[in-house]
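Peer 1: Attaching a single structure in structure tokens format; questions to follow.
None of the figures in this text is laboratory data; all of them are computed from the coordinates on show. Owing to the predicted nature of the structure, the values given are computational and were not obtained by experimental measurement. When we count neighbours, we look across all protein chains shown, and the Cβ atoms used for this are built from the backbone with ideal geometry, even at glycine.
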Amino acid sequence: MKVYVKSETGKWLMPTNPANARILLKKGKAKVIGRTPFVIRLLYETGEYVQPVTVGIDDGGINIGIAAVSNGSVLFQQELVLRSDIKSKLDTRRQYRRSRRNRKTRYRKARFLNRKQSLPVCKICGGNAPASKIICRKCLNAAGGVHQKYAGIQKTHFRLPPSVRAKKNAVIRTVRQIPLPISAIRLEDAYFDFQAMENPDISGDRYQHGELFYHKNFKQAGLVRDKFRCRVCGSESSLQCHHIRSKAEGGTDKLSNLMTLCKDCHGRHHKKGLKLPKQKSSFYISAAHVQQGKHYLQAELSETAFLTRTFGYITSHYRNRAGIEKSHVNDAVIIADKKAVPVTHYIKSKHIQTRKRSLHEATARKGRKIPNRTQKRNCKNVSALKGFRRWDTVRYKGQTGFISGFTGTSSCYIVNVEGDYIRNPGKKYKQVSLGKVVRLHNNKSVISQRADSSPTFAIAQEGDFSAES
């Protein structure tokens, strides 16, 4: 276990051991500025000599492994869990906005042609221009060169969906907040050929012949594949398109996720649980997010420290040769230094929603028992109550957790970093009285808790005590 140190001038130094940190704190030569991880700041002038520290990053769609190694010694390990609810919240916000504008401003025209584009737009004809130009080739050849008034226009770099950009920004912030003097960063580069993953024999112009090459839409492609018959009873009338994994669960309109059913079998499946024939359906959403935002991530990390890339097969080779168990944190250690050995303790972090601006739950009027104008809000959606704020780190009954919300006038809900509720021993309800909760510190956009892969730590977590956060 390491204690991280910041100099009097605000620069990161090499970590020290807990015994030395206790001595400095008792003598008043340092003060605590962070708990998870534990960080102290020196209150006296000292040298700022540091050793080279390499950070390894195992990129992923949801779970990210981060490790810092210096001279073969592991100094820092962290597993970061990214948010996966951004897209659904954006969709909900869009639905509320459209409904509100439909009610209040029916006369207003819909928004049109006001979106940013991934490619720069030609400033003469309005068409797509090359990535490094602001005028397309046709207009450039016709004009004989770039006009002076367009010389200072800049193009949009790295146009990404909001969900992908938020994930990559979370990784960038976490790396820049590592309490160590980073000298180099090694990032595992990922490349996925999704069509080859579906069909290993694909080659040549068959890449241009996708699932919809001969069809108008996915529904027609599914009907042709199933020969216009129900997959359960073989009926040819009242055919419908069934999603094996619903869109609410992350399913898409991919052809492998669709199945042709008749109206009766479709209804029996949803109402009575009719068993359907097995059909292989694979999703690559996480892999697509990694590949889509990797260039933006590499460009931003290169501004933090010297960046080099590695590949997954290299990490797998050295991990298997050393006999190390596969995990995101262990992979990050191997990426940083092939000869380093991971330690058992690490930091488990999770990105959270920092603000909840709604004053009430937006339930449809038909589903309400009481009209919205007389609804009692009773402090259920407030951000603070009796000196506590949402996502504060607190201690309750010897366990460390985080306040996920408030209820009533003096109760709250406490969860750990895994999302499990911390309850009152012997009780079934989740509410916890604020009078019995001890506040440790506030959190901004990340909640962190010490984790350990050793079996003794798992046994300790089941008792009435937990590791210090």
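Peer 1: Would you mind checking which residues have amide H under 5 Å from F38's amide H? H placed 1.01 Å from N; only 5 or more apart, or other chain.
Peer 2: HN-HN under 5 Å from F38: Y4.
Peer 1: Between F213 and R321, what is the label-point separation in nm under the 7 Å Cα-to-beta-carbon projection?
Peer 2: So the two model labels end up 4.2 nm from each other.
Peer 1: Determine the dipole magnitude for the range 274-353: charges of +1 sit on the beta-carbon of Lys and Arg, -1 on that of Asp and Glu, nothing else is charged, the reference point is the Cα centre, and the result goes in debye to the nearest 20.
Peer 2: In total the dipole reaches around 520 debye.
Peer 1: Shifting gears a bit: Among R93, R245, R423, rank each residue by its count of other Cβ atoms within 10 Å, from fewest to most, as a rough exposure measure.
Peer 2: Placing the least packed residue first, the sequence is R93, R245, R423.
Peer 1: How big is the shadow of the Cα convex hull of the range 193-316, averaged over all directions, in nm²?
Peer 2: 11.5 nm²
Peer 1: For a quick check: sort I202, I86 by the number of other beta carbons within 10 angstrom, fewest at the front.
Peer 2: Ascending Cβ contact count within 10 Å gives the list I202, I86.
Peer 1: Filter K275/K350; K29/K436; K104/K254; K278/K326; K219/K263; K254/K278 down to the pairs with a C-alpha to C-alpha distance above 26 Å, please.
Peer 2: Flagged as over cut-off: K275/K350; K29/K436; K104/K254; K278/K326.
Peer 1: Okay, next question. Once amide H atoms are built 1.01 Å from N in the peptide plane, which residues 5 or more positions from V50, or in another chain, come under 5 Å H to H?
Peer 2: none
Peer 1: Here is a follow-up. Could you work out how far the C-alpha centroid of the range 166-183 sits from that of the range 387-416, in angstrom?
Peer 2: After rounding, the separation between the Cα centres reads 27 Å.
Peer 1: Applying the Karplus parametrisation 6.51 cos²θ - 1.76 cosθ + 1.60 with θ = phi - 60° to the phi angles of the range 223-229, what ³J(HN,Hα) value in whole Hz is obtained for each residue in order, glycine and proline being reported as x?
Peer 2: 5, 5, 5, 8, 6, 6, 9
Peer 1: May I ask you to evaluate 6.51 cos²θ - 1.76 cosθ + 1.60, the Karplus curve with θ = phi - 60°, for each residue of the range 194-206 and list the ³J(HN,Hα) values in order in whole Hz, giving x for glycine and proline?
Peer 2: For the range 194-206, the Karplus curve yields 5, 5, 5, 5, 7, 9, x, 8, 5, 6, x, 6, 5 Hz.
Peer 1: Which length gain, in nm to one decimal place, applies between H270 and Y421 when the Cα-Cα distance is subtracted from 0.36 nm times their residue separation?
Peer 2: Length gained, H270 through Y421: 51.2 nm.
Peer 1: Return W391, W12 ranked ascending by Cβ neighbour count within 10 Å, so the fewest neighbours appear first.
Peer 2: The order, fewest Cβ neighbours first, is W12, W391.
Peer 1: With θ set to phi - 60° and the Karplus curve 6.51 cos²θ - 1.76 cosθ + 1.60, what are the ³J(HN,Hα) couplings of the range 208-213 in order, to the nearest whole Hz, using x for Gly and Pro?
Peer 2: With coefficients 6.51, -1.76 and 1.60, one gets 7, 9, x, 5, 10, 5 Hz.
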